[in-house]
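Following: one structure in structure tokens, then a few remarks.
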Amino acid sequence: MRRFLFFLLVVILGIGSFFIYQHHLQQRAANNKQMFEVVMAEKMRALYDQAQDWTTPVQLDIHDDRLSGDYKLMSEFLLNYWIQNVEARNRYLRALKAAQWDTFLDIERLDRDRKQDYKATEQMLADVRKASTEYAQARQQIQTSSMQQATRLAIQHDLRQSLQAKLENNLKSDQAHDIFPIEQQIIEKAQAMFDLLKTYPWQRKGKMFLFGETAQVKKFNTLYQDVLKLNSKMEKIKKNNTEVLEEEL
């Protein structure tokens, strides 16, 4: 009888210890998840602030001693993913600035360049197209490699599924709120405007381009208005994206 009671006590203690241990694991997981969200919010805010200055490369420490285990791996993976995206975008913007893309329609510059057979403008458009191609390739490479790496990340199955879902949702969000295709349309409109300037004689009057025929003026003005509309659309998307991100942070 005593042996039976002793055995029963051991079983009860064992079961109790098991449930206490399970509760401890669950509580630790909950705490880790909560800290993960805190760390990610802080790091993403810092990354967002740095990303506003596209002239300077991002310098963000993705490591944080408050995290450990799977949540540490997942945090570092996501932060590295976002840093790669920000840096790819900012490299693209730096390349556009280096090409002096913001001066494309400067009439004084074009008037000077006309005397040189538009060599500077031709080079500008070539540099801008090259930067756009490289940026598109970088974006695709980041997305593809990140999805592949996510499937191999040594974390719990449910967390890996959650991570993959985050990446897939980000891709869908990018497609819905992406300004890059609009920028490509602006490049094509700019090319068409430049073709008109090269093809037809024009005069400079203050800040205006004067063509010899009404049809030429209409073509140029239509393209210019298209660029303005695309710029307005792009700015609205930028503003909306910023507001959504700031709400989330």
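The values are calculated or read from the model by the stated rules, or taken from the named source; none is laboratory data. All values derive from a computational prediction rather than experimental measurement. Cβ coordinates were reconstructed from backbone atoms using ideal geometry, including for glycine residues, and neighbour counts include every protein chain displayed. Each accessible area value is taken on the protein alone, full model and side chains, heavy atoms only, with ligands, DNA and RNA left out. Shrake-Rupley method; radii C 1.70, N 1.55, O 1.52, S 1.80 Å.
I need the full set of residues from region 32-59 which are polar (S, T, N, Q) and over 20 Å from Lys72 (Cα atoms), in order please.
Within region 32-59, Gln50, Gln52, Thr55, Thr56 qualify.
Name the residue, out of Lys72, Lys97, Lys119, that is in contact with a His (Cβ under 9 Å, 6 or more places away or on another chain), farther than 20 Å from Met208 by Cα and basic (Lys, Arg).
On the way: Lys97 fails: in contact with a His (Cβ under 9 Å, 6 or more places away or on another chain); Lys119 fails: in contact with a His (Cβ under 9 Å, 6 or more places away or on another chain).
The unique qualifying residue is Lys72.
Please count how many residues of region 51-95 are within 24 Å of Asn169 (Cα to Cα), assigned to a helix (DSSP H, G or I) and open to solvent by 60 Å² or more (accessible area, probe 1.4 Å).
The total comes to 4.
Kindly list, by first and then second residue, each pair from a residue in region 38-56 that is of a type in the set (Phe, Trp, Tyr) to a residue that is open to solvent by less than 70 Å² (accessible area, probe 1.4 Å), limited to pairs with Cβ atoms under 8 Å and residues at least 6 apart or on different chains.
Pairs found: Tyr48/Leu245; Tyr48/Leu249; Trp54/Arg89; Trp54/Asn90; Trp54/Leu93; Trp54/Arg94.
Within region 129-140, does at least one residue satisfy the condition of being under 30 Å from Asp70 (Cβ atoms) and open to solvent by 30 Å² or more (accessible area, probe 1.4 Å)?
Among the residues of region 129-140, at least one is under 30 Å from Asp70 (Cβ atoms) and open to solvent by 30 Å² or more (accessible area, probe 1.4 Å), which makes the answer yes.
Residue by residue, here is whether (1) hydroxyl-bearing (Ser, Thr, Tyr); (2) within 29 Å of Ile182 (Cβ to Cβ); (3) open to solvent by 30 Å² or more (accessible area, probe 1.4 Å) holds:
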| position | (1), (2), (3) |
| --- | --- |
| Ile142 | no, yes, no |
| Ile155 | no, no, no |
| Gln164 | no, yes, yes |
| Leu167 | no, yes, no |
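Find the residue count for region 208-223, including only residues that are under 26 Å from Ala126 (Cβ atoms) and open to solvent by 90 Å² or more (accessible area, probe 1.4 Å).
Summing the residues that are under 26 Å from Ala126 (Cβ atoms) and open to solvent by 90 Å² or more (accessible area, probe 1.4 Å) in region 208-223 gives 1.
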